[in-house]
Amino acid sequence: LGLFAAVVLVALYKWVELARLRNPSGKRIIAMVQAIADHDERQAAKEAKAIGGPTGEMLLAGVQHIMEPPALIEEVMYEKILAAKLKLQVAG
């Protein structure tokens, strides 16, 4: 019975954690892409920060490495995805 209660608590905790994740705003993403196209890294970083959550962190990492080779940018962004995935998978 105690083990069942612990499992239910962990499941509720994970449900709340997933429910708190925001979907990125399409307008913010478009604004960030436009800032990148205009070579305005400062504005692109500002828009990525405003997106927030794991998506914003991943995009911000990409913007911060925008002058690097595409393969490196992809690797940095992928590492952010893996870190977010691990955080969501680990209980507590």
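Of all residues in segment 4-41, exactly one satisfies the criterion of being modelled with pLDDT of 85 or more and polar (S, T, N, Q), namely GLN34.
When segment 42-65 is filtered for residues that are among the β-branched types (Val, Ile, Thr) and at pLDDT below 90, the ones remaining, listed by number, are ILE51, THR55. Of all residues in segment 47-82, those being outside any loop (DSSP other than H, G, I, E, B), open to solvent by 60 Å² or more (accessible area, probe 1.4 Å) and either on the phi > 0 side of the Ramachandran plot or not hydroxyl-bearing (Ser, Thr, Tyr) (or both) number 12. Going through segment 83-92 one residue at a time, which ones are in contact (Cβ under 8 Å) with a residue 60 or more places away in the chain, out of contact with any Leu (no Cβ under 8 Å at 6 or more places or on another chain) and on the phi < 0 side of the Ramachandran plot? The answer is ALA91, and nothing else.
The values are calculated or read from the model by the stated rules, or taken from the named source; none is laboratory data. Note that the structure is a prediction, hence the values are computed from the model and not measured. Positions of Cβ are generated from backbone atoms using ideal geometry, with glycine treated the same way; all protein chains shown enter the neighbour counts. Ligands, DNA and RNA are excluded from the accessible area calculation, which covers all protein heavy atoms including side chains. Shrake-Rupley method; radii C 1.70, N 1.55, O 1.52, S 1.80 Å.
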